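Asks: One structure follows; several queries about it will come next.
Computed from the coordinates by the stated procedures, all read-outs in this text should not be read as laboratory data. Just so it is clear, the model here is predicted, and its values are computed rather than measured. With ideal geometry, Cβ positions are generated from the backbone for all residues, glycine too; neighbour counts draw on all protein chains shown.
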Amino acid sequence: MNAHDAPDHGVRSATIRQCAVLVGGLGTRLGDLTATTPKPILPCGDRPFLAWLLREFIRFGVEEFVLLTGHLSGRLRESLAGIAASLPHTASGPVSIVVSEEPERAGTGGALHYARDLLDERFLLCNGDSLFDFNIAALLAAAARDPGAVLGRIVLRRLEDAQRYGVVETDGEVVRAFRERPAAGGPAPGTINAGIYLFDRRVLDHLAPVCSLERDVLPGLAARGVLRGTVADGYFVDIGIADDLARARRDLPGRLHRPALFLDRDGVLNIDHGYVGTRDRFEWVPGAIEAVHRAVARGWHVFVVTNQSGVARGHYDEAAVHALMRWMAGQLRAAGGTIDDWRYCPTHPEATVAEYRRASDWRKPAPGMLLDLIRSWQLDPAQAVMIGDTESDMQAAAAAGVRGRRFPGGDLAAFADAAVRDLRSGDPAGAAPG
């Protein structure tokens with residue numbers, strides 16, 4: 001058993017439900033493009049750039065976005081209905097989007113100051129004009145283990161040439177200082193601030209009505225030793241200049257329509273003890289947590305599709321299904337993975353509980369749960385794999401146009417690795433590892 005198979009139950013939750021997004025910049029470097037349109041809602045493929053950004057955070061459990069706006073705030077508000085309609089409708093319901101408008105040009109720290117009444121005890125913060133394609137669960141997992149004195153954790157990027165940016169000095173994970181750009185004279189490697197943060201709301205005590213988070217707040221917090229850094233690699237784009245906006249428009253639709261791993265629950269993720277509805281009866285299958293971690297680290301979506309006739313038979317209710325799934329997702333995020341979304345079917349034709357006594361096209365072997373996720377997340381079934389332990393799982397996958405792999409037991413991580421390799425190689429059958 002490795003570390004990913006044994007989450008530490010003594011840490012804070014690795015799921016953060018709220019993300020604040022800085023969307024009030026002037027966008028002057030883009031000229032006429034931003035004369036009447038806020039930079040984050042410029043079109044990028046078939047939707048505004050901001051819609052792509054929010055979609056990524058939803059994958060890791062964010063249910064509410066607080067948009068920190070000022071410049072052209074009316075135009076931004078007009079765009080919100082369309083943005084909300086483009087986002088996935090998750091098992092937890094539609095996400096909430098609220099707006100906090102600064103009364104004057106307040107800077108990045110001031111914008112956060114004016115949103116203080118809207119912010120949770122712990123929240124994410126990001127720039128609305130840049131997207132870093134990395135495993136956000138790495139940030140969530142690290143922050144869950146930070147000691148109570150830590151006020152925030154920052155995502156950092158290492159660059160071979162950091163001359164365009166200020167650099168961050170660290171001692172291990174402890175952020176010590178923020179420095180100006182390296183002196184010119186050739187490539188200068190350095191670690192830079194990627195503009196994604198996880199804060200305790202105590203950070204609000206260090207803000208003024210007008211201030212810069214980067215210049216006025218973070219250096220002081222670093223000097224006090226209350227900031228930590230998570231170094232990450234991945235595709236990064238900031239749409240502040242025309243060339244990079246063009247790159248985002250070219251790249252993001254392809255990059256963020258990800259491959260998908262569908263997983264049955266009982267018998268695949270957890271030992272099937274029969275109608276598992278509570279944590280005390282839940283036991284991870286060997287390699288299950290590592291399998292999810294690896295899939296997310298590869299850049300794949302991970303979805304769970306599960307028949308839950310225990311509801312129809314009166315063993316537990318739908319609230320218990322949601323509670324257990326949320327707990328599972330939190331455990332996986334604490335280990336660096338995530339469940340992007342899930343679907344379940346509580347009905348059965350022979351249900352004990354009358355209201356659930358019916359046939360459903362969501363109950364496997366019917367494909368309804370998979371098809372709903374495919375629609376909601378705009379997936380390509382040809383770039384998806386379903387791992388289940390029963391013939392009904394395989395029939396549901398085939399009906400949805402998804403490649404099915406029947407799990408015989410054993411180590412799920414090794415089995416999932418083989419299934420991913422099969423998909424990439426184009427092997428229509430694939431062989432289960434012995």
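Asks: Using the alpha-carbon atoms, what tilt in degrees (0 to 90, nearest 10) does helix 391-400 show relative to the longest principal axis of the chain?
Replies: The two axes meet at around 50 degrees.
Asks: Sticking with this structure for a sec: Using 0.36 nm per residue of separation minus the Cα-Cα distance, give me the extension gain between R29 and R12 in nm, one decimal.
Replies: That works out to 2.0 nm of additional length.
Asks: Any chance you could check the Cα centroid distance between the range 51-99 and the range 392-426 for me, in angstrom?
Replies: With the range 51-99 and the range 392-426 each reduced to a Cα centre, they are spaced 33 Å.
Asks: Could I ask something else about it? Specify whether the C-alpha gyration tensor of the range 84-153 places it in the rounded, prolate or oblate class, a ≥ b ≥ c being the square roots of the eigenvalues: rounded for a/c under 1.5, otherwise prolate if a/b is larger than b/c and oblate if not. Walk me through the intermediate numbers first.
Replies: On the way: a/c = 1.62, a/b = 1.04, b/c = 1.56.
Cα axes put the range 84-153 in the oblate bin.
Asks: Tell me, what does the Kirkwood hydrodynamic radius of the range 135-224 come to in angstroms if you use every pair of distinct C-alpha atoms?
Replies: 14.1 Å
Asks: Based on a Kirkwood Rh over C-alpha pairs, give the Stokes-Einstein translational diffusion coefficient of the chain at 20 °C and viscosity 1.002 mPa s in µm²/s.
Replies: 93 µm²/s
Asks: OK, next. For the range 185-236, what is the largest minus smallest coordinate of the Cα atoms on each principal axis, given in angstrom and ordered from greatest to least?
Replies: Reported extents, whole Å, longest axis first: 38, 25, 21.
Asks: Could you order peptides 45-56, 269-280 by the average number of other Cβ atoms within 10 Å of their residues, highest first?
Replies: Details: 45-56: 20.7, 269-280: 15.1.
Top of the packing list down: 45-56, 269-280.
Asks: When the Kirkwood radius is taken over all Cα pairs of the range 378-423, what Stokes-Einstein diffusion coefficient follows at 10 °C and 1.306 mPa s, in µm²/s?
Replies: 147 µm²/s
Asks: Once the piece of chain linking R247 and D411 is laid out straight, how much longer is it, given 0.36 nm per residue of separation minus the C-alpha distance between them? Don't jump to the answer; show the numbers that get you there.
Replies: On the way: separation 164, 0.36 × 164 = 59.04 nm, distance 4.05 nm.
Contour length minus the Cα-Cα distance gives 55.0 nm.
Asks: Given contacts defined as C-alpha pairs under 8 Å and at least six residues apart, what's the relative contact order of the chain, whole-number percent?
Replies: Relative contact order, the chain: 16 percent.
Asks: Mind putting a number on the dipole of the range 355-426 about its Cα centre? Charges go on the C-beta only, +1 for Lys and Arg and -1 for Asp and Glu, and I need it in Debye to the nearest 20.
Replies: Details: 10 positive and 10 negative charges, 28 e Å.
Approximately 140 debye in magnitude.
Asks: Mind listing P(r) for the range 157-288? All alpha-carbon pairs, 10 Å bins, whole percents.
Replies: 9, 24, 23, 22, 16, 5, 0
Asks: To the nearest 20 debye, what charge dipole does the chain have about its Cα centre, counting +1 at the Cβ of each Lys and Arg and -1 at the Cβ of each Asp and Glu?
Replies: My answer is approximately 380 debye.
Asks: If you take every DSSP beta bridge fully contained in the range 260-425, what fraction is antiparallel? Give it as a percent rounded to 5.
Replies: Of all bridge pairs located within the range 260-425, approximately 5 percent are antiparallel.
Asks: Between S392 and V353, what length in nm is gained on full extension when 0.36 nm per residue of separation is reduced by their alpha carbon distance? Mind dumping the intermediate values first?
Replies: Working: separation 39, 0.36 × 39 = 14.04 nm, distance 2.30 nm.
Additional length available on full extension: 11.7 nm.
Asks: Could you give me D for the range 244-366, from Stokes-Einstein at 4 °C and 1.567 mPa s, where the hydrodynamic radius is the Kirkwood radius over C-alpha pairs? Units µm² s⁻¹, please.
Replies: 82 µm²/s
Asks: Related question: Of G410, G274, F49, which is farthest on the positive side of the dipole of the chain, counting Cα position, with +1 on Lys and Arg Cβ, -1 on Asp and Glu Cβ, and the Cα centre as origin?
Replies: F49
Asks: Moving to a separate point now. Give me the dipole magnitude in Debye, nearest 20, for the range 3-256 about the Cα centre, with unit charges on the beta carbon: positive for Lys and Arg, negative for Asp and Glu.
Replies: Dipole of the range 3-256, to the nearest 20 debye: 100 debye.
Asks: Here is a follow-up. Using the beta-carbon distance between H257 and A85 and R0 = 22 Å, what value does 1/(1 + (r/R0)^6) give for FRET efficiency, to the nearest 0.05?
Replies: Efficiency, rounded to the nearest 0.05: 0.80.
Asks: Can you compute the equivalent ellipsoid semi-axes for the range 3-256, i.e. the square root of 5 times each eigenvalue of the Cα gyration tensor, sorted largest first and rounded to whole Å?
Replies: Output for the range 3-256: semi-axes of 26, 23, 20 Å.
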